[in-house]
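Heads up: the structure comes next, in structure tokens.
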Amino acid sequence: MTAIETAAAPARRLEWQQAEVREIVVETFRVKSLLLRVASWQGHLPGQHVDIRLTAEDGYQAQRSYSIASPPEDELLALTVERVEKGEVSPYLVGELRVGDRFELRGPIGGYFVWTVAAGGPLCLIAGGSGIAPLMAMLRHRYRQKAHSPGLVYCTRREVWRM
């Protein structure tokens, strides 16, 4: 069964799993992509997200959702995280996390905004800011499947990008 077929299987109870940071890619001064190894990862669809849970030494826990930026074909799971000033989780993920560190993760979650090559048709994607992450999973999946190029409009605080 492929990663896409596994991810499309009937819903199951989501269990917390350990994710290990294998690589960190600096995208901008406030954005990093975390490439994770999740031992029992069952696969995902482009457009899905995960919940992560951080646990402090005193037992305090914080959870946040992050969109998956990697296509289902990749071995490592990629989460692209933008540092939110005064945030509770993103400053740690962007500023403190190191290769080899571990945290808890569950997912994939969501099925309303997913897209695979099997869906066919033309594709025009529109995103702003960190909302590009799930669209990157779709673009990377489309590229891996050698599908036709989609349209993309991406807005940031300073520029508008069109492909």
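Every read-out reported here was derived from the displayed coordinates using simple, explicitly stated rules and does not represent laboratory data. As the structure is a computational prediction, the values presented were derived from the model and not from experiment. Quick reminder, even Gly has a Cβ in these numbers, built from the backbone with ideal geometry, and neighbours come from all protein chains shown.
Things to note:
- In region 133-156, residue surrounded by the fewest Cβ atoms within 10 Å (Cβ to Cβ) [restricted to those that are in a strand (DSSP E or B) and hydrophobic (A, V, I, L, M, F, W, C)]: Val153
- Residue check for Val81: in contact with an Asp or Glu (Cβ under 7 Å, 6 or more places away or on another chain) and within 17 Å of Val25 (Cβ to Cβ): no
- Taken as a whole, region 36-44 holds at least one residue that is loosely packed, with under 15 Cβ neighbours inside 10 Å and small (Gly, Ala, Ser).
- Residues in region 48-68 that are of a type in the set (Asp, Glu) and touching a residue at least 40 places away in the same chain (Cβ under 8 Å): Asp51 only.
- Within region 100-109, the set of residues being outside any strand (DSSP E or B) and acidic (Asp, Glu) comprises just one member, Asp101.
- Test: residue in region 63-75 that is closer than 15 Å to Ile24 by Cα and among the basic types (Lys, Arg): no
- Annotation note: of Pro150, Pro108, Pro71, the sole residue that is more than 17 Å from Leu14 (Cα to Cα) and in contact (Cβ under 8 Å) with a residue 40 or more places away in the chain is Pro71.
- Pairing each residue of region 20-47 that is closer than 27 Å to Leu123 by Cα with any residue that is crowded, with 16+ Cβ neighbours inside 10 Å and of a type in the set (S, T, N, Q), provided the two are 6+ apart or on different chains, yields C-beta distances under 6 Å for Glu27/Ser33; Ser33/Thr80.
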